[in-house]
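The values are calculated or read from the model by the stated rules, or taken from the named source; none is laboratory data. Only a predicted model underlies this, so the values are computations on that prediction, with no experimental measurement involved. Cβ: placed from backbone, ideal geometry, glycine included. Neighbour counts: every protein chain shown.
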Amino acid sequence: MTGPALNFHGVSRHYGPHTALDGIDLDIARGQRVALIGPSGSGKSTILALANGALRPSEGTVAIDGVELRSKTHKQLVAHRKCCGLVPQGGDLVEQLSVHDNVIVGLLPRWPWYRVLLSRLRVVEEKRIAQWLSKVNLASRQTSRVGELSGGEKRRVAIARGLIGAPNIILADEPTSSLDPHIGEKMAQLIFDQAEAQESTLLFATHWVSRARRLAQRIIGLRNGRVVLDAPAEAVTDDDIEQLYAGSDERH
Amino acid sequence: MSGTEASRLRARSRTRTWLGLLAGLVLTLASWLETGADPRLLFDARGARQAADILGGLLQPDLGGAFLWHTGRLLLESIAIGVAGVSLALLLGIPAALGAARSPQLVDPPGTPTLGHRCRTVTRWVMRGLLSLFRSVPDIVWAFIFVRLVGLGPLAAVLAIAISFAGILGKLYAEHIEACDPQTVRNLRATGHGSVSVFAYSIWPQVRQDWISYGLIRFECAIRSAAVLGVVGAGGIGAEIELSIRYFEYEKLGTAILALLACMVLMEFGSVWLRTRASRRSWSALAMLGIVAIVGLDLPWSELRGIGQQAQILQRMSGASTFSFDGTVVRRALDLMMETLAMAWIATVAAALVASLLAPLAVRSLTVRGYLNDPPRASRPRGWLSLLGLRGLLQCLRAVPELVWALAFVVWVGPGPVAGILALGLHTLGLLGRLFAEVYEEAGSGGLRQLEASGASRLAAWTHGLLPQTAPKLLAYGLFRFEVNVRATATLGFVGAGGIGDAIHTAISLFHIGDLVTLLLVLLVVVIIIDAVGYQLRRRLLRHAN
């Protein structure tokens with residue numbers, strides 16, 4: 001099934017006095033693979049949280065397949081979230097659980113309650129998770145506790161967890177930060193391949209512009225909560241990027 | 001680590017979990033057999049009628065002006081006893097803690113230990129022994145002993161609370177000192193600071209917050225204790241509760257218990273409020289309150305001078321020689337202690353099980369708020385019902401002290417261990433329910449936010465987010481409750497609810513010092529062993545958690 005279309009209309013989001021998003025309009029087509037770039041604090045994470053149905057827009061509307069988020073009931077919102085695969089920026093892993101149990105969390109939302117309970121009492125889905133762990137180069141770490149892993153390994157656990165449920169929408173928030181270039185490349189490729197194979201809608205926030213231009217279909221550049229660049233990946237020029245990051249030190 | 005090795009390791013850890021569960025189950029069954037508790041007693045027709053009568057009294061309390069005034073005064077007296085007791089306990093406990101604690105030292109300094117060092121070591125062990133004695137003898141035993149020595153009234157209760165709480169606070173405060181960040185202390189020691197400056201500039205700033213908040217918690221516990229000590233004639237509202245049960249005046253019982261409930265609930269809010277604003281001012285406020293309470297109670301201090309004489313008189317009256325270690329007494333004491341342990345175990349396990357299942361329904365994040373910061377639609381109106389309802393229920397359960405529950409259950413199911421188990425279980429459920437809910441509330445929201453954002457059910461949030469983060473803590477707290485409950489169970493016999501307390505009560509009443517010492521020694525030794533084992537287990541659990 002192709003992932004849903006996402007429509008942002010005049011969306012702003014304030015955190016107290018701070019404005020994270022300032023009246024943006026975006027239409028993301030079904031199954032489109034989009035890279036969000038821009039300096040830190042430009043609103044990338046906020047867009048992902050809005051698309052996830054986890055954050056209320058201060059102004060404007062966010063619609064998923066034409067249905068506005070705020071008109072959905074709690075139940076419908078949960079149903080939408082179940083279609084989302086998340087790779088959050090902080091990782092958000094449960095340190096006390098093993099790698100295996102953390103990845104299984106990606107499958108839980110769609111399971112009935114007795115299966116959820118059972119999965120804490122005995123090992124389930126061992127093969128499937130092993131398969132995913134080998135995709136993120138963690139095959140030998142299945143039984144380790146997450147607390148013992150390095151930062152880069154944790155990122156990869158989070159990636160496996162986000163992708164394992166074959167989500168319709170993949171929301172990846174700088175999934176390759178704190179990874180070495182080689183592994184980072186591989187992981188980014190994995191996420192884009194997965195999205196392409198499943199025809200999922202992908203929002204991929206990153207600082208790694210060159211990679212984004214190579215993998216994504218469309219590049220959206222954000223600055224100070226505004227969309228300043230929105231073009232097909234092949235149409236983006238070095239000058240555009242220069243302009244987007246002008247006056248800011250960051251950039252890969 | 002190779003794959004097979006890893007899976008063997010995991011298999012071993014799973015096996016350990018199952019073995020632990022099995023051991024717990026066997027222990028519970030064995031305990032059940034040991035107490036010979038018969039749950040059918042609950043449904044005995046006559047007992048049920050009595051229970052209905054008590055409930056009727058609670059629903060239709062005596063609200064006559066005169067009795068209400070009387071109840072209010074007794075309640076105030078109980079509060080004053082608690083405040084005065086804790087104030088004295090702090091005066092005793094803080095110096096004792098300083099003596100008993102081993103603050104962080106330099107790792108391996110050159111030079112030989114001086115005489116002063118050796119003296120400190122001796123003092124430390126003496127202090128630790130003394131504190132351990134103070135807290136291991138339950139407060140109601142102290143109270144009853146003091147009632148015999150200084151007469152009926154609040155003085156006995158104040159002394160009892162001062163001594164037993166000094167034991168608890170001294171131990172806790174010493175632990176806080178020992179848990180200080182060693183590096184900061186060593187830095188000062190390494191630059192030649194004396195003990196006063198080490199305390200003032202490194203230890204005090206680190207322990208201050210803990211000392212205040214634990215002091216305040218104890219303050220609350222002391223008032224609860226004070227309300228109970230009246231059962232043995234040491235003043236306050238406990239005396240009224242005991243009398244009204246003995247004379248079947250359930251309307252008066254209703255009034256007294258409701259007043260006690262209201263007081264406890266108010267105090268809980270009060271102490272939460274105080275704890276969040278703990279500051280230098282709360283020390284001075286506490287000190288002022290203590291002075292007011294001690295002055296207001298107008299305690300007959302002169303009685304203290306007559307203690308030795310009174311003890312001799314009682315001794316002569318009892319006709320027993322000073323120390324007669326009798327084999328049969330020891331054996332009986334051991335038997336009763338086993339029963340006590342079994343009761344405490346059953347009640348704690350049952351309460352912990354129910355509490356861990358109920359607690360998620362009393363967690364704000366799980367019932368009403370969720371873990372997302374500002375989701376489009378968050379409120380779950382039905383959640384409020386379970387949240388507030390359950391919190392209220394748990395509060396009522398824990399606001400009534402075990403001994404008062406026991407008084408009521410003895411009327412319902414008759415004297416014996418069943419009454420004790422029920423009393424202990426209900427009170428513990430109230431305590432653990434709240435504690436577990438707090439543990440759940442404080443769990444990091446990292447994994448939980450992710451779970452909710454991907455649409456997982458609240459059950460999944462509990463099993464895969466909360467439980468793995470908190471399970472060792474829950475177990476450790478449950479274990480700690482068991483240790484505390486062993487002491488509590490030892491007092492339930494004072495009202496006929498089984499265990500070793502009955503024998504202790506008789507020994508004090510008749511002033512059979514020999515028997516009393518034997519019984520208390522058995523109690524102390526067992527409590528110390530349980531504490532030591534429990535401490536090791538808890539430490540391993542919590543280390544596993546971090």
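Identify the residue in the range B:21-47 that is in contact with a Leu (Cβ under 9 Å, 6 or more places away or on another chain) and modelled with pLDDT of 80 or more and, among all such residues, is farthest from residue A:100 (Cα to Cα).
This residue is B:34.
Looking at the range A:150-178, I want the residues that are touching a residue at least 24 places away in the same chain (Cβ under 8 Å) and within 16 Å of residue B:447 (Cβ to Cβ) and have a partner that is among the small types (Gly, Ala, Ser) and in a helix (DSSP H, G or I) with Cβ atoms under 7 Å, at least 6 apart or on another chain. Which pairs are those?
Once the first residue is touching a residue at least 24 places away in the same chain (Cβ under 8 Å) and within 16 Å of residue B:447 (Cβ to Cβ) and sits in the range A:150-178, its partners that are among the small types (Gly, Ala, Ser) and in a helix (DSSP H, G or I) give A:173/A:45.
For the subset of the range A:39-68 comprising residues that are among the acidic types (Asp, Glu) and farther than 16 Å from residue B:377 by Cβ, which member is farthest from the other protein chains (Cβ to nearest Cβ)?
Ranking the candidates gives A:65 first.
Filter the range B:361-390 down to the residues that are exposed (fewer than 13 other Cβ atoms within 10 Å of the Cβ) and at pLDDT 80 or above and list them by number.
If the condition is that a residue be exposed (fewer than 13 other Cβ atoms within 10 Å of the Cβ) and at pLDDT 80 or above, then B:389 is the only one that fits.
Residue by residue, here is whether (1) over 14 Å from the mean Cα position of the chain (by Cα); (2) part of a helix (DSSP H, G or I); (3) under 30 Å from residue A:55 (Cβ atoms) holds:
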site	(1), (2), (3)
B:377	yes, no, yes
B:384	yes, yes, yes
B:391	yes, yes, yes
B:405	yes, yes, no
B:429	no, yes, no
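Does residue A:124 satisfy being without any contact (Cβ under 8 Å) to a residue 24 or more places away in the chain, touching a Leu at 6+ places or on another chain (Cβ under 6 Å) and either at the interface with chain B (Cβ under 10 Å from one of its Cβ atoms) or not charged (D, E, K, R) (or both)?
Taking the combined requirement at face value, the residue does not satisfy it.
Within the range B:438-451, track down each residue that is part of a helix (DSSP H, G or I) and surrounded by fewer than 24 Cβ atoms within 10 Å (Cβ to Cβ).
Within the range B:438-451, B:438, B:439, B:441, B:442, B:446, B:449 qualify.
Restricting the search to the range A:19-41, which residues are at pLDDT 90 or above and out of contact with any helix residue (DSSP H, G or I) (no Cβ under 9 Å at 6 or more places or on another chain)?
Result: A:19, A:22, A:23, A:25, A:27, A:29, A:30, A:32, A:34.
Kindly establish whether residue B:196 is β-branched (Val, Ile, Thr) and touching a His at 6+ places or on another chain (Cβ under 7 Å).
When the stated conditions are applied, residue B:196 does not pass them.
Kindly state which helices (runs of 4 or more DSSP H) lie completely within the range B:152-218 and contain at least 1 residues that are buried (at least 21 other Cβ atoms within 10 Å of the Cβ) and not aromatic (Phe, Trp, Tyr).
Counting at least 1 such residues, we get B:154-178, B:182-190.
If you check residue A:116 against the conditions, is it of a type in the set (Val, Ile, Thr) and facing another protein chain (nearest Cβ under 7 Å)?
Yes, satisfied.
Quick one: in the range A:31-50, of everything that is outside any helix (DSSP H, G or I) and of a type in the set (A, V, I, L, M), which residue is farthest from residue A:203 (Cα to Cα)?
Looking at the filtered set, the residue picked out is A:37.
For a quick check of your reading of the model, give me the residue pairs whose first member lies in the range B:71-87 and is surrounded by 24 or more Cβ atoms within 10 Å (Cβ to Cβ), whose second is of a type in the set (Phe, Trp, Tyr), with beta-carbon atoms closer than 9 Å and at least 6 apart or on different chains.
B:82/B:219; B:83/B:219; B:85/B:165; B:86/B:165; B:86/B:219
Considering only the range A:100-134, state which residues are part of a loop (DSSP other than H, G, I, E, B) and within 20 Å of the chain's Cα centre (by Cα).
Correct list: A:105, A:106, A:107.
Quickly run through the range A:218-240 and pick out the residues that are surrounded by 19 or more Cβ atoms within 10 Å (Cβ to Cβ) and in a loop (DSSP other than H, G, I, E, B).
A:225, A:236 - these are the residues of the range A:218-240 that are surrounded by 19 or more Cβ atoms within 10 Å (Cβ to Cβ) and in a loop (DSSP other than H, G, I, E, B).
I need the full set of residues from the range B:113-135 which are crowded, with 22+ Cβ neighbours inside 10 Å and not hydrophobic (A, V, I, L, M, F, W, C), in order please.
Matches in the range B:113-135: B:135 only.
Are any of the residues in the range A:91-102 out of contact with any helix residue (DSSP H, G or I) (no Cβ under 6 Å at 6 or more places or on another chain), within 8 Å of chain B (Cβ to nearest Cβ) and touching a residue at least 60 places away in the same chain (Cβ under 8 Å)?
No: zero hits.
Given the options B:223, B:245, name the one that is out of contact with any Phe, Trp or Tyr (no Cβ under 7 Å at 6 or more places or on another chain), crowded, with 18+ Cβ neighbours inside 10 Å, at pLDDT 85 or above and under 30 Å from residue B:149 (Cα atoms).
B:223
Report, ordered by the first and then the second residue, all pairs with beta carbons closer than 8 Å, sequence separation of six or more or different chains, a first member in the range B:491-506 that is surrounded by fewer than 24 Cβ atoms within 10 Å (Cβ to Cβ), and a second member that is among the aromatic types (Phe, Trp, Tyr).
As it stands, the answer is B:502/B:494; B:505/B:144; B:505/B:494, since those pairs meet every condition given.
Collect the residues in the range A:143-200 that are of a type in the set (Ser, Thr, Tyr) and more than 23 Å from residue A:39 (Cα to Cα), keeping them in residue-number order.
A:143, A:144, A:150, A:200
Being part of a loop (DSSP other than H, G, I, E, B) and over 20 Å from residue B:447 (Cα atoms) is true for just one of A:53, A:3, A:90. Which residue is that?
A:3
Sort out which residues of the range A:70-90 are among the basic types (Lys, Arg), facing chain B (nearest Cβ under 7 Å) and surrounded by fewer than 17 Cβ atoms within 10 Å (Cβ to Cβ), and write them in order of number.
Correct list: A:70 only.
Return yes when residue B:466 is surrounded by fewer than 19 Cβ atoms within 10 Å (Cβ to Cβ), within 30 Å of residue A:99 (Cα to Cα) and either touching a helix residue (DSSP H, G or I) at 6+ places or on another chain (Cβ under 8 Å) or of a type in the set (A, V, I, L, M) (or both) and no when it is not.
So residue B:466 does not fit the description; no.
Would you confirm whether any residue within the range A:142-154 is over 28 Å from residue A:76 (Cβ atoms), in contact with a Gly (Cβ under 8 Å, 6 or more places away or on another chain) and more than 8 Å from every other protein chain (Cβ to nearest Cβ)?
yes
Go through the range B:114-134 and give me each residue that's closer than 20 Å to residue B:530 by Cα and among the hydroxyl-bearing types (Ser, Thr, Tyr).
Scanning the range B:114-134 gives a single hit, B:132.
Here is a check on your reading of the model: is residue A:138 in contact with a helix residue (DSSP H, G or I) (Cβ under 6 Å, 6 or more places away or on another chain) and either under 18 Å from residue B:469 (Cα atoms) or more than 8 Å from every other protein chain (Cβ to nearest Cβ) (or both)?
The answer is yes for residue A:138.
Within the range A:193-216, count every residue that is surrounded by fewer than 23 Cβ atoms within 10 Å (Cβ to Cβ) and outside any loop (DSSP other than H, G, I, E, B).
The qualifying residues number 11.
Please specify each residue of the range B:507-546 satisfying the condition of being of a type in the set (D, E, K, R) and either within 14 Å of chain A (Cβ to nearest Cβ) or surrounded by fewer than 17 Cβ atoms within 10 Å (Cβ to Cβ) (or both).
Listed by number, the residues that qualify are B:539, B:540, B:543.
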